[in-house]
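Okay, structure first, notes after.
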Amino acid sequence: MRESFENKKKRANIIFKRLSKMYPGAKCALIHSNVWELLVATVLSAQCTDKRVNIVTSSLFKQFPGIEAFAECNLDDLERAIHSTGFYRNKAKNIKNAAQKILKDFKGKVPNTMKELITLPGIARKSANVLLYTWFGKNEGVVVDTHVKRISNRLGLTNEKIPEKIEKDLMKLYPRKNWGKFAYYIVDHGRSLCKAPTPKCIKCDLKDICPAAKLYL
């Protein structure tokens with residue numbers, strides 16, 4: 001029997017409340033001291049773990065101290081510095097071009113709107129949502145990474161596979177004020193219990209309201 005939207009919304013609210021108790025300290029795992037560093041780390045995190053990104057950026061931000069240094073850097077040097085994050089040629093090009101565009105078009109300041117952020121090389125909607133919520137405190141959407149995509153489907157909050165459609169479904173289920181927090185809770189949940197391919201459902205406080213739990217218990 002198909003779940004009604006109202007019932008799904010009620011269940012979504014219960015999920016949010018339980019997750020907030022399970023992961024009260026949930027926050028962005030990318031280490032940064034300013035919004036430009038967060039932008040660079042976010043670009044590097046594509047197809048790479050946050051742990052690896054943090055290892056790389058610990059020396060990267062010393063080698064290239066500030067947005068001007070990235071804008072003027074030798075591309076080969078930048079590629080070597082970020083090589084271990086994967087897709088390093090494309091990432092290096094995007095980071096350098098983003099730095100140059102910010103200096104040219106935004107007076108050296110990372111913009112704080114979705115419309116402007118997605119004009120930057122390497123920044124699509126997911127990355128823009130990370131920057132807007134984490135640094136600027138703005139809830140413009142829901143970050144849909146691999147954890148959010150996998151777990152929101154397991155929880156029956158969406159049946160979609162395309163990130164943009166998943167985001168729309170989640171935005172309908174949760175009030176705007178909870179969009180950013182929800183993604184952080186889900187990411188921590190994915191790292192802790194709801195792993196791919198085998199989640200640890202027996203230890204999960206959501207197992208009684210998660211449609212996928214019966215497949216793993």
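Since every read-out is calculated from the coordinates, none of them should be taken as a lab result. Please read all numbers here as calculations on a predicted model, not as lab measurements. Every residue, glycine as well, gets a Cβ built from its backbone with ideal geometry; the counts of neighbours run over all protein chains shown.
The residue list 66, 19, 211 was ranked by how far each Cα lies along the charge dipole of the chain toward its positive end, using unit charges on Cβ atoms, and 211 comes out on top. State the Cα centre-to-centre distance between region 22-59 and region 147-198 in whole Å. Region 22-59 and region 147-198 have Cα centres spaced 19 Å from each other. For the chain, a Gaussian network of Cα nodes joined below 10 Å ranks 70, 16, 106 by mean-square fluctuation, and the top entry is 106. Specify the residue with the greatest mean-square fluctuation among 199, 121, 24, computed from a Gaussian network of the chain linking alpha-carbon atoms under 10 Å apart. Greatest mean-square fluctuation among the candidates belongs to 24. A Cα-only calculation for region 35-134 places Rg and Dmax at 12.2, 32 Å. Mean-square fluctuations from a GNM of the chain, with a 10 angstrom spring cutoff on Cα atoms, peak among 57, 158, 146 at 146. Going from the fewest other Cβ atoms within 10 Å to the most, the residues 165, 17 appear in the order 17, 165.
The ranking of 85, 198, 113 from fewest to most other beta carbons within 10 Å of each one's beta carbon is 198, 113, 85.
With neighbours defined as other Cβ atoms within 10 Å of a residue's Cβ, the residues 30, 19, 215 order from fewest to most as 215, 30, 19. Shape annotation for region 103-207: C-alpha extents along the principal axes are 53, 24, 23 Å, from largest to smallest. According to the calculation over all Cα-Cα pairs in the chain, the P(r) per 10 Å bin from zero is 8, 33, 32, 19, 8, 1 %. When the pairs 149/172; 165/200; 10/177 are compared against a 20 Å limit on Cα-Cα distance, 165/200 fall above it.
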